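Trainee: One structure follows; several queries about it will come next.
The values are calculated or read from the model by the stated rules, or taken from the named source; none is laboratory data. Remember, predicted model here, so these are calculated numbers, not experimental data. Here the Cβ is made from the backbone with ideal geometry for all residues, glycine too, and neighbour counts use every protein chain on show.
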Amino acid sequence: MSPEIEHLISLQRTDREIQRLKTEIAELPKRVAVIEQKLAGTKAGLEKARAAVKTDEAARRKYETAITDLRQKISKYRDQSLDVKTNEQYKALLHEIQFAEQQIAANEDKILELMMNAEAREKEVKAAEAELKEETAEIEKEKKIAHDRTAQDEKELAEWAAKRDAARGAVDPDLLRHYDRVQKFRGSGLAEVLEQRCSGCQVALRPQTYNEVRGGKLIYCDSCQRILYYDPSKEAPATEAEKNHRRRHHPKIDASQAWYYRGEHGDIGEVFLSFSNAAGAATRRVYDAASGRKLGDTVIREGAYRQAFPEDLTDTIRLNGSWSDAEQDEWLDELPTAVLDSLQRDLALARAEAASHHKKQTLTAPSTVAS
């Protein structure tokens, strides 16, 4: 992994931590506000319960005053009944007395009802007061936690800001501008390549692009413009069967398709050569061994490939591969990643096999004794 990518990974990690801290600092007052809103509701409930008690007390006093007034009226009517002259007047006074007594009874019933409700009202008040006390203690606790957490977050934020400045100073200015621009619109300026996809937008990479990223080249995603990187430490480890593999399959010498590795091909460098025989003619394709990119055009000559392209078969290593012309035509200008990986693995096995064979020959060669 290139130093530039390592600096960008550090920068993006720092940016994300700074954003997390800023979000947490902004959220803490909101959490306290929710508790305070609940506290306000509890206070309103307590005031309502107390107001209900006061209303009942006022109503009870009103009924008691009414009873007193009615009893005074009854006393007055009875005094008047002693001075009446006719039965009609006496009956009228008795009627008034009976009506007043009925009103007294009705008011006493209402007072009794209020007295029965008073106990429930008092319980409501006490419950609301207890809840208010509990929530007040809770909000004070939450305020302290929020205050302490905010102070800690602000301290960490200052430390991360210093790290961010250091990380930004280590990145090329042009690359940094691209990172900032993409991060502003995408939320991140860097994306890891996982399973041949950009982890930022999940778009699959072209085989050549994937191979270039794996090789450490700075590449931007064609879809989201994030800077791509590949972490080789996450590659799947070789299985025990692969580790213990000692024998390599050898391709048939007379196969109609053949693949070779050549360390120098003109001024190009390392290449993979693909040959095929069909209908009395031979076809040759050349691919860059590192990226898998096709080099030049497909060449067709008369005869089998060994006679048609003898100049290409010197200093080569024969590899396993039997992909048809039709398949290779579908690949267009680059090898699929699976094909490129397969050829590179087989090349590594062929080299290891050659090295092992050479070592055995050296160990078993007879020693020469000077005469």
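Trainee: Could you check the stretch 75-101 and list, in sequence order, the residues that are of a type in the set (S, T, N, Q) and part of a helix (DSSP H, G or I)?
Mentor: 75, 80, 81, 87, 89, 98
Trainee: So for the stretch 55-67 (the condition being under 30 Å from residue 176 (Cα atoms), among the β-branched types (Val, Ile, Thr) and part of a helix (DSSP H, G or I)), does at least one residue qualify?
Mentor: The answer is no; no qualifying residue exists.
Trainee: OK, next. Checking the conditions here, which among 362, 314 is surrounded by fewer than 18 Cβ atoms within 10 Å (Cβ to Cβ), part of a helix (DSSP H, G or I) and at pLDDT below 90? Working first, answer last.
Mentor: Details: 314 fails: part of a helix (DSSP H, G or I).
Exactly one of 362, 314 is surrounded by fewer than 18 Cβ atoms within 10 Å (Cβ to Cβ), part of a helix (DSSP H, G or I) and at pLDDT below 90, namely 362.
Trainee: Among the residues of the stretch 317-327, what is the count of those that are farther than 12 Å from residue 259 by Cα and surrounded by 13 or more Cβ atoms within 10 Å (Cβ to Cβ)? Steps first, answer last, please.
Mentor: So in the stretch 317-327, the residues farther than 12 Å from residue 259 by Cα come out as 325-327.
If we keep only those that are surrounded by 13 or more Cβ atoms within 10 Å (Cβ to Cβ) too, we end up with 325.
Qualifying residue count, the stretch 317-327: 1.
Trainee: Do we find that residue 183 is not aliphatic (A, V, I, L, M), not assigned by TED's automatic domain parsing to the domain that holds residue 38 and not in a helix (DSSP H, G or I) in this structure?
Mentor: Working: not aliphatic (A, V, I, L, M): yes; not assigned by TED's automatic domain parsing to the domain that holds residue 38: yes; not in a helix (DSSP H, G or I): no.
In short, no.
Trainee: On the basis of being touching a residue at least 40 places away in the same chain (Cβ under 8 Å) and assigned to a loop (DSSP other than H, G, I, E, B), does residue 171 make the cut? Full working, then the answer.
Mentor: Values: touching a residue at least 40 places away in the same chain (Cβ under 8 Å): yes; assigned to a loop (DSSP other than H, G, I, E, B): yes.
Answer is yes for this residue.
Trainee: With the requirement that a residue be β-branched (Val, Ile, Thr) and loosely packed, with under 14 Cβ neighbours inside 10 Å, what does the stretch 216-226 give you? Outline the logic, then answer.
Mentor: Filtering the stretch 216-226 for residues β-branched (Val, Ile, Thr) gives 219.
Correct list: empty.
Here's the yes/no breakdown for (1) over 23 Å from residue 20 (Cα atoms); (2) surrounded by 14 or more Cβ atoms within 10 Å (Cβ to Cβ):
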residue	(1), (2)
119	yes, no
127	yes, no
147	no, no
162	no, no
188	no, yes
214	yes, yes
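Trainee: Right, another one. For the structure I just gave you, tell me whether residue 237 is modelled with pLDDT under 85 and buried (at least 21 other Cβ atoms within 10 Å of the Cβ). Give the derivation first.
Mentor: Values: modelled with pLDDT under 85: yes; buried (at least 21 other Cβ atoms within 10 Å of the Cβ): no.
Here the answer is no, as residue 237 does not meet what is asked.
Trainee: Moving on. Please count how many residues of the stretch 62-81 are closer than 14 Å to residue 108 by Cβ and basic (Lys, Arg).
Mentor: So the count comes out to 2.
Trainee: If you don't mind, another one. Would you mind finding the one in 159, 131, 122 that is charged (D, E, K, R) and under 30 Å from residue 11 (Cα atoms)?
Mentor: It is 159.
Trainee: Could you grab me the full set of residues in the stretch 11-39 that are crowded, with 17+ Cβ neighbours inside 10 Å and under 19 Å from residue 231 (Cα atoms)?
Mentor: Result: 11, 12, 14.
Trainee: Could we say that residue 192 is at pLDDT 85 or above, surrounded by 19 or more Cβ atoms within 10 Å (Cβ to Cβ), among the acidic types (Asp, Glu) and closer than 30 Å to residue 8 by Cβ here?
Mentor: Spelling it out, it is not the case that residue 192 is at pLDDT 85 or above, surrounded by 19 or more Cβ atoms within 10 Å (Cβ to Cβ), among the acidic types (Asp, Glu) and closer than 30 Å to residue 8 by Cβ.
Trainee: Would you point out the residue of the stretch 328-359, among those that are of a type outside the set (A, V, I, L, M) and not in a helix (DSSP H, G or I), that is surrounded by the most Cβ atoms within 10 Å (Cβ to Cβ)?
Mentor: 334
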